[in-house]
Amino acid sequence: MDSGMGKPGSPADRKGSLVFSRKVGENCRHIAVELSEATAPSAPGQFFLVREWGVFDPLLGRPLASTVSGNCRLEFLFQVTGRGTSRLASLTPGAALELRGPCGNGFPAPVGEKLLLVAGTLGIAPFLGAVSALGEKVDVTAVLGVPGRGWEPFTEWCEDKIPGIRLNSDDGSLGRRGDPVEDSLTLVGPGRELWGCGPEAMLRELGRAYEKGCEKVLVSLERRMGCGIGGCLSCSITTPSGMKRVCVDGPVFDWREVFGEPLRN
Amino acid sequence: MSPFGTSLRTEVGGVDLDTPVIVASGVWPMDPALWPEGSLDGVGAVCSKGLTLKPRDGNPGCRIVETYSGVLNSIGLQNSGVDHFVAQELSAFSFAGRPIIVNIAFETLDDLVETVEVLKGSALKISALELNVSCPNVTRGGMTWGIHPESLESAVTAARRAWNGILWVKLSPQAPSVGEFAELSQGCGAEAVVVGNTWLGMAIDNERERPFFENVFAGLSGPAVFPLALRAVWEAAGAVEIPVIGCGGISRPQDALSMILAGASAVEVGTALFVDSRLPASICRELERHLREKGLSSVGDLVGRARR
């Protein structure tokens, strides 16, 4: 196992230059950034605050999970949802960026040899790095859910990155009709670990995997953030074990830590 | 050791600082292990999060919304309480090797005095107490302590009686007259005033047709408020003899210099650290550059120079 996986590298502020920015469907972007100095290696699930260099409007960096992490080169996949991501999507190669990271705790190396990844749309981002980091040491199955029609370029891109990824769509136009949780529940069982990233309602539903004998369910949460390093408490969540900061206590949490004890039959 | 020269050393309201750049309350972790590399360079002192007598979970719901060149926040003073701070957090915080300024918030004068009593029992050094008067006074229907003269006077007087160390008062920009409230704080025995805090604002989620924040109003900070804060510093510095510490919207090294030229003896940086952890070091370089250019030897020579 990669001993560095899941452990937080010290975050640093770095200047970077946009290498490419590619559309992956209607509102999604895949970008690569060349850094001026190396950062600590990041684990799948860790993130960077990314913003245009020297610009005060929009002000805050957007927390994006790195999909590919090298010493001086990072790649990200994101959806355009507001002013910050629109601005990032409008930049052309050569544009100067500022990045803070790697932030937070990523996914720890899996204990067993079988891993199931469950993603809702852009929730696939942290898993792209995981699949390549784990290589052939772990039997990985990835399950993706999308709304349906219109998401073809995105799903094709994901299929290219993760061959054999199982597709699910709400309208049945891409892969199976249905949501990725139902699909993943047909696959889980004792000895298989489950990682989830996507809408919170989906992540909550993943707790049903415990009923199927799954012993470990990890989820990556998303929140609006300020500092990204545990200072401002903008991303605090209430959990059964008290207040947690998504940026440094997470974004990857044990399912039970966030949602409490699962209901068992 | 500060990598910067002795020209930036200064004494502000009874606290010796290697540089006049202070990390404001509420923006930075109290565990230096979480600080990005290089972010301590140029930092003269650090403020704790706003501490209360009892632990607080803070506000539910959305806590941060970005605005044009700014940020609205409604954290609600989430903190582990002053006992936990003294027993656990202060030792880690002290590892920063910088003077520690402890920011305290309170709902009643009894809370304030009890909080101070706990801090007095600390074995580790607290360089100054920073009294946050932007919190609600529950005995006056939740009105902010710092926007009513009698309220402010009672709070500063109580803090002054309870605390025999250095006392700074962090004024509310919602006060009707920053100059008068700074003068009032001085009269009640404060060693310095910090001018100021976040500006009350709000944001509406048009899709949900509801305010974004559960508390409706939230505090605005970031570059958007810098000209407002600069004006407030100018007014306060014209009204008092004690030092004024400028705080509000400083986002570029030049902003800090402007604050000092307006009359601030030191500056606090907050929101800008969200985007540039090396701002304190950049501010120090800018101050040194300006001193050289003007043939001056000490940052103290710059204080209020725009008022001549």
Rg from C-alpha atoms of chain B, normalised by the globular rule of thumb 2.2 N^0.38 Å, equals 0.94
Neighbour counts of other C-beta atoms within 10 Å: give me B:ASP255, A:ASP160, B:ASP57 arranged from fewest to most. A:ASP160, B:ASP57, B:ASP255
For A:ASP139, distant residues with modelled amide H under 5 Å away: A:LYS114, A:LEU115
Please give the charge dipole size of region B:132-224, origin at the Cα centre, charges +1 on K and R Cβ atoms and -1 on D and E Cβ atoms. Round to the nearest 20 debye. 240
Within region A:116-180, which GluC sites (Glu not before Pro) sit in a loop by DSSP and count at most 11 neighbouring Cβ atoms inside 10 Å? A:GLU136
Report P(r) for the protein assembly as shown: all Cα-Cα distances, bin width 20 Å, range 0 to the bin holding the largest distance, values in whole percent. 21, 50, 25, 4
Of all beta bridges DSSP finds with both residues in chain B, what is the antiparallel percent, to the nearest 5? 40
Scalar couplings 3J(HN,Hα) for region B:140-156 by Karplus 6.51 cos²θ - 1.76 cosθ + 1.60 (θ = phi - 60°), nearest whole Hz, x for Gly and Pro, are 10, x, x, 5, 4, 3, x, 10, 10, x, 5, 4, 4, 4, 5, 5, 5
Rounding to the nearest 20 debye, state how big the charge dipole of region A:114-259 is about its Cα centre with +1 on each Lys and Arg Cβ and -1 on each Asp and Glu Cβ. 340
Placing +1 on each Lys and Arg Cβ and -1 on each Asp and Glu Cβ in region A:114-259, then taking the dipole about the Cα centre, the residue among A:SER173, A:TRP255, A:SER184 whose Cα reaches farthest towards the positive end is A:TRP255
Sort A:LYS137, B:LYS294, A:LYS244 so that the residue with the fewest other Cβ atoms within 10 Å of its own Cβ comes first and the one with the most comes last. B:LYS294, A:LYS137, A:LYS244
Distances over 20 Å make up what percent of all Cα-Cα pairs in region A:12-103? 24
Using amide H atoms built in the peptide plane, which far-off residues or other-chain residues are under 5 Å from A:SER234 H to H? A:GLY226, A:CYS227
At 222 nm, what value in deg cm²/dmol follows for chain B if DSSP H runs of at least 4 each add -39500 (n - 2.57) and the sum is divided by all its residues, to the nearest 500? -8000 deg cm²/dmol
Quarter of the surface of the C-alpha convex hull for region B:47-186, i.e. direction-averaged projected area in nm², equals 9.4
Show me the three semi-axes of the equivalent ellipsoid for chain A, from the C-alpha gyration tensor (sqrt of 5 times each eigenvalue), largest first, rounded to whole Å. 28, 21, 17
What's the local net charge at B:GLY13, with K and R +1, D and E -1, over the other residues with C-beta under 11 Å away? -4
For region A:121-162 and region B:42-92, distance of Cα centres in Å: 38
In region B:224-308, which GluC sites (Glu not before Pro) are in a loop and have at most 16 other Cβ atoms within 10 Å, using DSSP for the loop call? B:GLU241
Please state, to two decimals, what the Cα-based radius of gyration of region B:144-302 comes to when divided by 2.2 N^0.38 Å (N = residues). 1.14
Determine ³J(HN,Hα), in whole Hz, for all residues of region B:83-99 in sequence, where each value follows from phi through the Karplus function 6.51 cos²θ - 1.76 cosθ + 1.60 and θ = phi - 60°; x replaces Gly and Pro. 4, 5, 4, 5, 6, 10, 6, 5, 5, 5, 4, 5, 4, 4, x, 10, x
18 Å Cα-Cα reach of A:LYS212 towards lysines, excluding residues that sit fewer than 8 places from it in its own chain: A:LYS114
Counting DSSP beta bridges with both partners in the protein assembly as shown, what percentage is antiparallel, nearest 5? 55
Cross-link partners among lysines for B:LYS170, C-alpha distance below 25 Å, same-chain residues fewer than 8 apart left out? B:LYS49, B:LYS54, B:LYS120, B:LYS125
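We did not get these values from a lab; they are worked out from the coordinates using the rules stated. As the structure is a computational prediction, the values presented were derived from the model and not from experiment. As a convention, Cβ positions derive from the backbone with ideal geometry for all residues, glycine included, and neighbour counts pool all protein chains shown.
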